[in-house]
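Data first, discussion second: the structure below is written as structure tokens.
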Amino acid sequence: MDDFDKWNVLKKSLHVGVEKPQCFPKCGEVWMAHLGKNIGFEQNGSGSNFSRPMLITKKFNNHMFWAVPLTTKQKSLDFFHNFTDPNGIEVAVILAQLRLVSVSRMRRKLYELPANQLQEIIQKLKILL
């Protein structure tokens, strides 16, 4: 079974449990989320559960959010925002990969960004858009 087939099986099981949210992410929080197996240059999740850290940048309600994926590959590009997370790990937010995500993709909260760091990221998103 290839990765697309494995992701499709997992995605179906995630979809079945969408009746009630089990978590309520907030703006500025970084959550591990099932991002999936994507095509082209879209950011994939990794591992057997296709997950990746995602920063919540805008909460619409308890079910839908704008979020951006994080990576440990820092780059000096205008659509990357490099920083050191609270655990001392150098990471980057991939601003160009802002996407709408459902709460059903969220698994666990990793940490919350300080307000000034979140505002800097949101300002960069506004400039990019």
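Brief remarks follow.
- Any hit, region 40-50, residues being modelled with pLDDT of 90 or more and in a strand (DSSP E or B): no
- Among (1) touching a Leu at 6+ places or on another chain (Cβ under 7 Å); (2) within 21 Å of Leu128 (Cα to Cα); (3) not polar (S, T, N, Q), the one test that Met64 misses: (2)
- Scanning region 112-128 finds no residues that are on the phi < 0 side of the Ramachandran plot, surrounded by fewer than 11 Cβ atoms within 10 Å (Cβ to Cβ) and in contact with a strand residue (DSSP E or B) (Cβ under 9 Å, 6 or more places away or on another chain).
Yes or no, residue by residue, for (1) surrounded by 14 or more Cβ atoms within 10 Å (Cβ to Cβ); (2) under 19 Å from Ala33 (Cβ atoms):
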| residue | (1), (2) |
| --- | --- |
| Pro53 | yes, yes |
| Asn62 | no, yes |
| Phe65 | yes, yes |
| Pro69 | yes, yes |
| Thr72 | no, yes |
| Ser76 | no, no |
| Asp85 | yes, yes |
| Val101 | yes, yes |
| Arg107 | yes, yes |
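The values are calculated or read from the model by the stated rules, or taken from the named source; none is laboratory data. Not measured: the values here are computed from a predicted model. FYI the Cβ positions are ideal-geometry reconstructions off the backbone, even for glycines, and counts take in every protein chain you see.
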